[in-house]
Amino acid sequence: MNSSVMSQEKIMSIYDEAEKIRRKLDEEKSTTVSVALFGQPGAGKSSLINKIVGQKVAEVGVETDKTIAAASYEAKGLRFVDLPGYGTKNFPKESYFQKFDIQQFDLFLCVTSGKLHQADTDFFQELARRGKVCIFIANKHDELWEDGIAIEELEQRKINDITKHVGQPVKIVFTSCRKGAGLDALNIEIQNNLDVAKRERWARGAKAYSARFLQDKRSACEKYVSYAAAAAAANGINPVPGVDVAVDISIIMKLFKEIRDDYGLTDNFLTSLKQSSIPVVGRLANNVVQYAAKEGILMLLKSFYGRQAVKSFAKYIPFVGQAIAAGLGYAITSNVGNSYLSDCHELAEEILNNKLGE
C-alpha cells in the first residue's frame, strides 16, 4: 500500500473519529438528571434543591399545592420538579401521573419535616407499583429535639413512623439545610440509584460536601475533558502562534467554563477568593481566572508544546479513538484541560477544607 493511500485512510479515520466525538459531546451536554420532589408545604423542598445545586435556583416558601403547575428548576444538567399535592381537588389521583408525566423522572425524593401525610404515602405506593425509585428525606434535622430524649431515639422514632405509614422498609436520609447535615449522604444515595451516564452527570452538577464526592466529580470531569480535548484537536482551526499545531480554542474555552460551573466557581466567588488571606487559595483562584481567557489558554498550549505527555492517554482511546489519541494536538489539549481541571479541583478542596463560601 503506497503512502498516499495510507495517508488518505488516516485522514478518513480521523474524520470518522471526530464525528463520533462530536456526537459524544452532544450526548454529554444533553444528558440531564430529572428528580421530582414531593411532600407537604414547609418541609424545605426548595431549600434542599438550592443546597444540592450549590446556588439559589428555587424560591423558598412557594406552596406548590396551591399552584396550577409543578415548579421546575434546572441548573448544571440537573432538573428538579417540585410536584404539587397528590390527590387534591386541583390534581386528582386519576389524572396525576399523566398530567405530570411521572415516568420521565429518574427518581423521586419524598421530603418531610413532620408527620408523613396520607397523600404522600399513597403517591409513594403508586410509585413503588410502577417500579420507580423513591428516597425519603427527613429534613430539618436540626429541629429534631425533645427534652431528655437522645437524638438517636428521636431518629429511630422518625424511621419507625415513616416505615409504618408506607408499610415497608425504605431508605431514609436525615438532612438539615441550615446546618448542612446529611447532604453528602443524600448526594451519594441519589448517585447510587442512577445509571452510569447520569451518575457522572450528577457528580459533575451536584455540590460536593465531602472529599469523596469531590473525587467523583473529578473523575467525571476527566472523562469529559478527554472528549472536549479530542474535539478541539480534531477540529483544529486556530493555529497556535509559535507552535506547530492548530486547535479549536472556542471548544477549550467552553470546556473551562463548564469545569468552573461544575465546581461552583462563579465569577463573583472567584473574585473574592483572589483576595483570600489563605495563600494557596489566592494563587489557585488567580490561575483559574487567568487561564480562563483566550490569552491564558494560548499560554497553556505553548507551555505544554514539546513536552512529553504528563500522563498516559491509553485509557481514553476507547472514547476518543486511536488516530486522534495518537496525535500531538490531543496530547497538548488533553494536558491543558487536565491542568485546568487540577487547579479547579485543588481550589475546590481548599474551599471545602476551609469551609469557604458557606
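Descriptive notes on the structure:
- Across region 145-294, the convex hull enclosing all Cα atoms gives 165 Å³ per residue.
- Answer label, with Cα Rg over 2.2 N^0.38 Å calculated from the coordinates and candidates (1) 1.17; (2) 1.04; (3) 0.94: (1)
- DSSP-defined beta bridges in region 99-248 - what % are antiparallel, rounded to 5: 25 percent
- Entries of 51/355; 115/217; 24/274; 99/164 with Cα pairs more than 26 Å apart: 115/217; 24/274; 99/164
- Comparing 225, 243, 133 in a Gaussian network model of the chain, where Cα atoms under 10 Å apart are tied by springs, the biggest mean-square fluctuation is seen for 243.
- Residues whose placed amide H lies under 5 Å from that of residue 37, excluding near-sequence neighbours: 81, 82, 83, 109
- Measuring how big region 66-208 is from its alpha-carbon positions, Rg and Dmax come out at 16.0, 48 Å.
- Of the residues 20, 45, the one with the largest accessible area comes first in the ranking 20, 45, computed with a 1.4 Å probe on protein heavy atoms.
- To put it simply, the accessible area of the chain at a 1.4 Å probe is 49 percent carbon and sulfur.
- Largest GNM mean-square fluctuation among 255, 300, 214, using the chain with Cα springs under 10 Å: 300.
The values are calculated or read from the model by the stated rules, or taken from the named source; none is laboratory data. All of these numbers come straight from a predicted model, not from anything done at the bench. Side chains are part of the model used for accessible areas, which takes the heavy atoms of the whole protein and leaves out ligands, DNA and RNA. Shrake-Rupley method; radii C 1.70, N 1.55, O 1.52, S 1.80 Å.
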